[in-house]
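Computed from the coordinates by the stated procedures, all read-outs in this text should not be read as laboratory data. None of these values were measured; they are calculated from a predicted model. Methodologically, a virtual Cβ is constructed for each residue, glycine included, from the backbone with ideal geometry; neighbour enumeration extends over all protein chains shown.
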Amino acid sequence: MVLGEPGAGKTVLALLLTLALLEKARPSDPVPVLLTASSWDPRTEHVHSWLARRLAEEYPALGGEAGQLVSQGRITLILDGLDEMPEALHAAAINALDHITGELVLTCRTTEYEAAVASGGVLLTKATVVEIEPVQLPDATAFLLSAGPPARKRWQPVLDRLQREPDLPLAQAMASPLMVTLARTIYTATTTDPAELLDETRFPTRAAIEGHLLEAFIPTAYASQPAPPDAATPLRQYPAAQAHNWLRLLARQLDRSDTHDIAWWDLLHAVSRPARVLLVGLASAVVFGLAGGIAGGLGSDRPEWPLYAGSYAIAFGLAGGLVFWAAPRARPVRVELRFRGSWPRFFARFAAGAAIGVALGLGMGLPKPIVAGVGVAVGLAVGIRVWLGTPAEVDEVSSPRVVLRQDRIAALVLGLAFALALTFPGGMAVGVPTLETAGHTVGTIDIVISALGGALAGAAIGAVWFGWIGVLAYGLASGVAGGLIFGPVYPNVSGVGVGIAFGTVFGLSVACLSVLSRAWGTFVISRFWLALRGDLPWQLIRFLEDAHQRGVLRQNGGVYQFRHARLRDHLARSQSGSS
C-alpha cells in the first residue's frame with residue numbers, strides 16, 4: 001500500500017516499480033501490470049474479472065488466455081489511484097482487495113484512504129504500508145540548482161531565504177515533488193524570476209502558489225522554441241492560449257465523465273445532444289432525401305418526386321436524430337482480417353443476414369433469383385465482421401493513433417459491405433419495374449408487404465448498428481421507404497439509369513449510417529463540430545501527441561491522460577485561457 005499527498009509522486013513510484021520489476025524479472029515471476037483504478041466498479045465486478053478484461057482490451061493477442069494468467073497468479077497488479085475512483089466506491093474497493101490472493105500494489109492519497117477506512121472499509125490486513133514523505137528542503141534545493149548556472153544564480157537567494165524562514169508559503173509548497181518539478185520547469189528561462197514566489201501579498205498561501213504554478217505550466221510547456229536538429233518529431237507550434245483552451249475543454253469533459261482517460265471514441269459526449277441531433281439528422285435527411293427524390297423521378301416532369309424526397313428525408317432524418325439523441329457509445333475495434341476458427345460464427349451471422357435480405361427482396365417484389373442474390377449480399381455484409389479479428393501482435397495496439405487507424409479500417413470495410421449489399425436490390429426495385437409484380441395493378445397488399453419487408457430489414461440492421469434504439473428508428477424509416485417502392489410512381493419509373501442512380505445514392509447513404517455506428521464515425525462528426533466551434537483543433541490526435549511530447553499528457557495504452565491529476569482538476573475549474 002503506497003500512500004501520499006496529492007502530487008507526492010505515487011504514480012511515478014508505481015511506474016518506476018513496474019519498470020524495475022520487469023527489468024529484474026525471472027521467467028517464473030509474475031508479470032507486473034500497471035493499471036489505473038478509475039474504470040473498476042467493485043460493486044459489479046470482481047477485481048480479477050476486471051483485470052482479465054482490461055488485459056484483453058490492452059493486449060488483444062492474449063484473447064482468452066488473459067483470464068488464465070490472472071487465475072493462475074501470473075500477474076502482479078499495480079493498481080494506481082484508488083482515490084481516482086468515485087468516493088462512494090472507496091470502502092467497497094478496499095474490502096474487495098483485502099480478500100484477494102496474489103501480489104498487489106495499490107496507491108492512494110492518504111486522506112482518501114483514511115476516510116474510506118473510517119467510513120466502513122477495512123485496513124488491508126496483509127499489506128505493507130509505505131507512505132511517501134514530503135520533499136525536504138535540501139533535496140528540493142539540490143534539484144532546483146541542478147538546472148545549471150543561470151538557474152543557480154536566480155534560485156540561490158530564494159532558497160537561502162526558505163532556509164531561514166521554513167514556514168513561508170513557498171517552503172510549504174516545495175514539499176511536493178510535483179510543485180518542485182513545476183517550479184523548475186516554469187523558472188528555467190532566464191527571463192523569469194523565482195523571487196516573485198516570495199511575494200506574500202500576491203501569494204499569501206500555499207494554495208495560491210500551487211495554483212500559480214499549475215496555471216503557468218501550460219504557457220511554459222507551449223513556449224515557442226526551435227527544434228533541435230536531431231529531433232525525430234519536431235514539436236508543432238501552437239499558441240499557448242489556444243492550447244490552454246483546448247486542454248481546458250478536455251479536462252472539463254473528463255471531470256464531467258469522472259474519468260482520467262482522454263479516449264478519442266468518447267469525444268461524442270463532449271458534443272451537446274441538440275448539436276448531435278442537428279448534425280446527424282440533417283446529414284441523413286439530405287442524403288436520403290436525394291435518394292427518395294431519385295426514386296420519385298427527380299429531374300423529370302413527374303409531380304410526385306417531392307413527396308418521395310420529403311418522405312425519405314423526414315423518415316431517415318428523424319431516425320438519425322433519435323439514435324444520436326441516445327448517444328451510442330461504440331468502443332473501437334482493433335482488427336486484422338482473420339479466417340482461422342471463424343467459420344462457425346460467420347455462417348451463423350451469414351444465415352441471419354441472408355434471412356433479412358430475402359425478406360427485403362420479397363417485400364420489394366423482386367424476382368426469386370434476384371431475391372436469392374440479395375440474401376447472399378446482405379448475409380455477407382452481416383457476417384463479414386466476424387473476419388475482423390483482433391491483431392496477433394500486441395505492439396500493433398500500442399497507441400491511440402493505431403487504435404484509431406484500425407477502427408477506421410473496420411468502419412469503412414463494414415460500410416462498404418452494406419453499400420454493396422443494398423445498392424443492387426434498391427436499384428432493381430426502383431429502376432427496373434419488369435418484376436413479378438409487373439403485369440398487374442399494384443394494390444394495397446403490395447404496398448403493405450413491401451413496407452413490412454423494409455421495416456423488418458431496417459429493424460434488423462438497426463439492431464446490428466445501434467441496438468434497441470436502432471430497431472425502432474430504422475425499422476420505421478425503412479418501412480416508409482419500402483412502402484413507397486410501390487407508390488403511385490412505381491408503374492411509371494423505369495430505366496437502368498434511374499436504378500443505378502438510386503441504388504448508388506441509397507447504398508452510400510446506408511454505408512454512412514454504418515460508419516456512424518462505429519467509434520471512428522462518431523469521432524469524425526464530433527471532431528468536425530468541436531473544431532468548427534474552435535473548441536478543439538482539427539487534427540486532434542496530432543495535438544494530443546504533441547502534448548504528450550511536451551510532458552503535458554502521458555500515454556496509457558490506447559488513451560492519453562493528463563500527466564498530473566491536479567493539472568486536470570485545475571484546468572477543469574479554470575475560467576479562461578492563459579495569454
So which trypsin sites (Lys or Arg not before Pro) in the stretch 183-225 end up in coil per DSSP with only 13 or fewer other C-beta atoms within 10 Å? 202
Could you sort 216-222, 10-16, 154-160 so that the peptide with the highest average Cβ count within 10 Å comes first and the rest follow in order? 216-222, 10-16, 154-160
Between residue 114 and residue 555, what is the label-point separation in nm under the 7 Å Cα-to-beta-carbon projection? 3.9 nm
By the Kirkwood definition, with r running over pairs of different Cα atoms, the stretch 1-94 has a hydrodynamic radius in Å of 14.3 Å
Return the Rg/Rh value of the stretch 55-197, two decimal places, where both radii are evaluated on C-alpha atoms and Rh is the Kirkwood radius. 1.15
To the nearest 20 debye, the stretch 53-211 has a Cα-centred charge dipole, built from +1 on Lys and Arg Cβ and -1 on Asp and Glu Cβ, of 460 debye
Kirkwood-type radius of the stretch 61-141, with distances r between different C-alpha atoms, in Å: 14.7 Å
Please turn the phi angles of the stretch 350-356 into ³J(HN,Hα) values with the Karplus equation 6.51 cos²θ - 1.76 cosθ + 1.60 (θ = phi - 60°), one per residue in order, whole Hz, x for glycine and proline. 4, 4, 5, x, 5, 4, 4
Under 25 Å from the Cα of residue 10 - lysines, other chains or at least 8 residues apart: 24, 126
